[in-house]
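Reviewing the structure listed below.
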Amino acid sequence: MEARAHIKYARISPRKVQIVLDLIRNKPVDVALAIVRNTPKAASEYLEKLLLSAAANAETNHNMDRNNLYVAECFTGPGPILKRIRPRAQGRAFRINKRTSHITLVLKEQE
C-alpha cells in the first residue's frame, strides 16, 4: 500500500529540487518534515506542502498510520521550459530559460 502526491509545473528547476529530495529519501515522515522545514532552499516550500499532502492522502484514502510512514520514493523531472528574452548590447538578445518541475512523492508504511 502506498500514498502518492504530485506537484506539476512547479516554477523551480529540477536540479534545485533534487538537492532537497536526496536529503529526505528513505526517512520517516516526521524526520523528513523537520529536515525540509530547516533547510534554507527554495524547494523546501514546495516539498513541505507535498509531504503534508501525501501524509493526508495516506491517512484519509488508505487508512495508514501516520507514525509508520516513510518516504519510499521521491523524484523530480523536467516540465515545460518557459523561454524568455534578455536584451543585450548592440541589438542582440540572449535567451533565458525558466525551468519547471514535476515532483512526485511516494509514502509507504513500515512493516
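Laboratory data are not the source of any read-out in this text; all were calculated from the coordinates shown. Predicted, not measured: the structure shown is a model, and the values here were computed from it. A quick note on method: Cβ atoms are made from the backbone with ideal geometry, for glycine too, and the neighbour counts reach across all protein chains shown.
Using the crude model of +1 on Lys and Arg Cβ and -1 on Asp and Glu Cβ, and no other charge, please compute the dipole size for the range 2-109 relative to its Cα centre, in debye to 20.
That gives the range 2-109 a dipole magnitude of about 1260 debye.
Toward the positive end of the charge dipole of the range 2-109, about the Cα centre and with charges on Cβ (Lys, Arg +1; Asp, Glu -1), which of HIS62, VAL20, LEU51 goes farthest?
In the range 2-109, that residue is VAL20.
Name the residue from THR39, PRO87, ALA3 whose Cα lies farthest towards the positive end of the charge dipole of the chain, charges +1 on Cβ of Lys and Arg and -1 on Cβ of Asp and Glu.
Checking the options against the dipole of the chain, the answer is PRO87.
At 0.36 nm per residue, minus the direct Cα-Cα distance, what do ASN67 and LYS41 gain on full extension? Give it in nm, one decimal, please. Mind showing how you got there, number by number?
Numbers: separation 26, 0.36 × 26 = 9.36 nm, distance 2.61 nm.
Once the chain is fully extended between ASN67 and LYS41, it gains 6.7 nm.
At q = 0.16, 0.22 Å⁻¹, what log₁₀ I(q)/I(0) does a Debye calculation on the Cα points of the chain give, no solvent, two decimals?
The computed values of log10 I(q)/I(0) come out as -0.69, -1.10.
What is the magnitude of the charge dipole of the range 18-66 about its Cα centre, with +1 placed on the Cβ of each Lys and Arg, -1 on the Cβ of each Asp and Glu, and no other charges, expressed in debye to the nearest 20?
Numbers: 6 positive and 6 negative charges, 25 e Å.
With only Lys, Arg, Asp and Glu charged at Cβ, the dipole is about 120 debye.
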